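These notes are about the structure you will find just below.
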Ligand code: ZN
């Protein structure tokens, strides 16, 4: 037992589901559970019960949360979910509830920044220090690092709510409750379902839905390439399980950039530039586990 590593807790607090894990890394996950997100009281109680049931408790817990959140440790509302449109969750002290119940230090960030940290530590971003991690699912989230530091600032990136040029002929109104036809309103799972009358996973790979989807995701990727100059772009989330989107997005990015960004990663090796997460759907919870170490 002399070499026993301390165990870290990870909580991926998603708007649809929570994932909790205990371990030291991707190859040493001692326990993992997933459950649906309900009221804050019910959901946080189930989270705390999971960690209390473990034979060895975590020395610290990391939380990657849906948002918007307050990720500023100097703020009185650090660790809160703040102005989310999700019913019941605005102004919820997620980090404080976990810290008080388990009596261990807690680190907190957005779900996508946590996933980015996981991919930087163990996955597709190990060799780069400036990159972005995007998830396209129930929502569109974006996070990442600039020169090895996770992206924060005024609040944190909200990459899903940018405005992008319309796909030719597309007049769908969009589903974002704030903006209608922002990127999140046009290109997430709920947007696919509203636009086509059935969920994306029921649409065949040759459906025109994917041409439109690839257009919007490529426009987003181009904007992020030109604003943040990332060395890699990781695309994850439920919509990206449609792996046929990857070649479509890469082709559109190359064609619309039109040779402007003269880097081999884009001109010659884009298959290694726009990539899926190596940690797959565990990126968020494993990244939260990595985040926990920062609380000590
Ligand atoms: Zn929006």
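Nothing in this text is a laboratory measurement; each read-out follows from the coordinates by a stated rule. If you're wondering where the values come from, they're calculated on a predicted model, not measured in any experiment. We place every Cβ from the backbone using ideal geometry, glycine too, and count neighbours over all the protein chains shown.
Which value in Å is the Kirkwood Rh of the chain over different Cα pairs?
When all Cα pairs of the chain are included, the Kirkwood radius is 19.5 Å.
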- Message: Could you work out how much longer the chain between residue 91 and residue 155 gets when fully extended? Use 0.36 nm per residue separation minus the Cα distance between them, nm to one decimal.
- Response: 21.5 nm
- Can you give the angle from 0 to 90° between the axis of helix 40-52 and the longest principal axis of the chain, with both taken from C-alpha atoms, to the nearest 10? 60
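Can you give the relative contact order of the range 125-271 as a percent, counting alpha carbon pairs under 8 Å and 6+ residues apart? Walk me through the numbers on the way to the answer.
Numbers: 211 pairs, mean separation 39.3, N = 147.
Once divided by the residue count of the range 125-271, the mean separation gives 27 percent.
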- Query: At a Förster radius of 41 Å, what calculated FRET efficiency corresponds to the Cβ-Cβ distance of residue 42 and residue 5, to the nearest 0.05?
  - Reply: 0.80
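Can you show me the helix-derived [θ] at 222 nm for the chain, built from DSSP H runs with n ≥ 4 at -39,500 (n - 2.57) apiece and divided by the number of residues, rounded to the nearest 500.
Working: 9 runs with 95 residues, N = 296.
Calculated at 222 nm, the ellipticity per residue is -9500 deg cm²/dmol.
Based on the Cβ-Cβ distance of residue 243 and residue 100, what FRET efficiency does E = 1/(1 + (r/R0)^6) give at R0 = 45 Å, to the nearest 0.05? Don't skip to the end; give the middle numbers.
Working: r = 42 Å, r/R0 = 0.94.
Calculated transfer efficiency: 0.60.
Using Cα-Cα distances under 8 Å and only pairs 6 or more residues apart, what relative contact order does the chain have, in percent? It would help to have the intermediate numbers written out before the result.
On the way: 618 pairs, mean separation 67.8, N = 296.
In percent, rounded to a whole number, it is 23.
Based only on other Cβ atoms within 10 Å, what is the fewest-to-most ordering of 178, 18? Don't jump to the answer; show the numbers that get you there.
Values: 178 9, 18 24.
With the sparsest Cβ surroundings first, the list reads 178, 18.
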- Query: On a 0 to 90 degree scale, rounded to 10, what angle separates helix 283-292 from the longest Cα axis of the chain?
  - Reply: 40
- Task: Describe numerically, in nm with one decimal, the distance between label points set 7 Å from Cα along Cα→Cβ at residue 207 and at residue 17.
- Result: 2.1
- Task: State the Cα centre-to-centre distance between the range 80-133 and the range 49-69 in whole Å.
- Result: 11
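Order 148-161, 180-193, 25-38, 280-293 from most to least packed using the mean count of other Cβ atoms within 10 Å. Don't skip to the end; give the middle numbers.
Numbers: 148-161: 16.4, 180-193: 22.4, 25-38: 13.9, 280-293: 26.6.
So the order, starting with the most tightly packed, is 280-293, 180-193, 148-161, 25-38.
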- Query: By per-residue mean of other Cβ atoms within 10 Å, what is the highest-first order of 266-277, 163-174?
  - Reply: 266-277, 163-174
- Message: Testing the spin-label approximation: label points 7 Å from Cα along Cα→Cβ at residue 126 and residue 173. State their distance in nm.
- Response: 4.9
- Query: Where does helix 111-122 land angle-wise versus the long Cα axis of the chain, in degrees 0 to 90, nearest 10?
  - Reply: 80
